[in-house]
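The values are calculated or read from the model by the stated rules, or taken from the named source; none is laboratory data. Quantities reported herein were computed from a predicted structural model and do not represent experimental measurements. For neighbour counting, all protein chains shown are included, and Cβ atoms are generated from backbone atoms with ideal geometry for every residue, glycine included. Just the protein is used for accessible areas: all its heavy atoms, side chains included, with ligands, DNA and RNA removed. Shrake-Rupley method; radii C 1.70, N 1.55, O 1.52, S 1.80 Å.
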Amino acid sequence: MINHHPKLNLLIQHVNGELPASISAGIKIHSDMCKQCSEQIAELTKHEAKLSFSQTNVDDAEFGFDVDVLINDITQTQPEPEVIPDNKPVAVTFRGVTYTLPNVMKHMELGKPAQIGKLSRSRILLDEGHIHSSLLRIEAGGGIPEHTHNGYEITLLLEGNFKDDMGEYVPGDFIVLDGNHQHQPLSELGCLCYTVVSDSLHFTQGINKLLNPIGSFIY
């Protein structure tokens, strides 16, 4: 069961189109995996649409129809038009292991995979300046040395599992961390994550501190 979800303020910003594309895509991928958040986004969308109409301060009589009825009609789920299915899977391969990716990523360009130890990473080329989004694979038995964060870190688990001092995570979990958190993700069976970071990692233990100059490489 998914236990970690985007906070309400992130969902509202997502609905209002106020987030960077990388974060908004992560929320969309999560909501496609999470019925709870999908329903919440639908309700927020309906609420924001009604609020937008009410802020115009226009009387129903001026339009000649009931604005509430119109909003309800607009926000009702409509049958999807019939389309020819695209059977080409969106996939990425890391060291011979191929993963099918979410539909949201269908038109996202991926950079060349890079490897360090049991980690593989492919940048998602969204051109968002200091914000880096990536696909990160941890091989079975692998992990990331204990670290904190110079900015925020969003991790959406797509496949597999990992755990840290704060708990165990399953596909669909949406985890937001910052400089107030310190952890050491480990994956017993391997996993694939969608990640968004605003700055580099900062390694905190022993010899791993020597990795700090390349802290921006991993994510």
Subset of the range 165-174, residues closer than 17 Å to residue 5 by Cα and either without any contact (Cβ under 8 Å) to a residue 24 or more places away in the chain or not charged (D, E, K, R) (or both), comes to 166, 167, 168, 169, 170, 171, 172, 174
Considering the range 98-121, residues that are more than 20 Å from residue 28 (Cβ to Cβ) and open to solvent by 50 Å² or more (accessible area, probe 1.4 Å), and then whichever is modelled with the lowest pLDDT, we arrive at 116
Subset of the range 4-20 (residues that are open to solvent by 60 Å² or more (accessible area, probe 1.4 Å) and hydrophobic (A, V, I, L, M, F, W, C)):
8
Sort out which residues of the range 1-41 are assigned to a loop (DSSP other than H, G, I, E, B) and within 21 Å of residue 134 (Cβ to Cβ), and write them in order of number.
4, 6, 19, 20
Residues (modelled with pLDDT under 95 and either loosely packed, with under 15 Cβ neighbours inside 10 Å or among the hydrophobic types (A, V, I, L, M, F, W, C) (or both)) located in the range 161-174
165, 166, 167
For the range 196-213, which residues satisfy the criterion of being at pLDDT below 95 and either open to solvent by less than 70 Å² (accessible area, probe 1.4 Å) or touching a Leu at 6+ places or on another chain (Cβ under 8 Å) (or both)?
197, 198, 200, 201, 203, 204, 206, 208, 211, 212
Can you run down the residue pairs with Cβ atoms below 7 Å, 6 or more apart or on separate chains, where the first is in the range 91-103 and assigned to a strand (DSSP E or B) and the partner is aliphatic (A, V, I, L, M) and buried (at least 16 other Cβ atoms within 10 Å of the Cβ)?
91/101; 92/101; 92/135; 99/92; 99/192; 100/90
Pull out all pairs, ordered by first then second residue, where Cβ-Cβ is under 8 Å, the residues are six or more apart or on different chains, the first lies in the range 131-144 and is within 12 Å of residue 121 (Cβ to Cβ) and open to solvent by 10 Å² or more (accessible area, probe 1.4 Å), and the second is modelled with pLDDT of 95 or more and hydrophobic (A, V, I, L, M, F, W, C).
132/196; 137/191; 137/192; 137/193
Single match in 189, 177 (criterion: within 19 Å of residue 2 (Cβ to Cβ), open to solvent by less than 60 Å² (accessible area, probe 1.4 Å) and in contact (Cβ under 8 Å) with a residue 24 or more places away in the chain):
177
Tally time: how many residues in the range 122-136 are in contact with a Phe, Trp or Tyr (Cβ under 7 Å, 6 or more places away or on another chain) and either in a loop (DSSP other than H, G, I, E, B) or not aliphatic (A, V, I, L, M) (or both)?
2
Matching residues in the range 129-151 - criterion: being at pLDDT 95 or above and either among the β-branched types (Val, Ile, Thr) or touching a Pro at 6+ places or on another chain (Cβ under 8 Å) (or both):
138
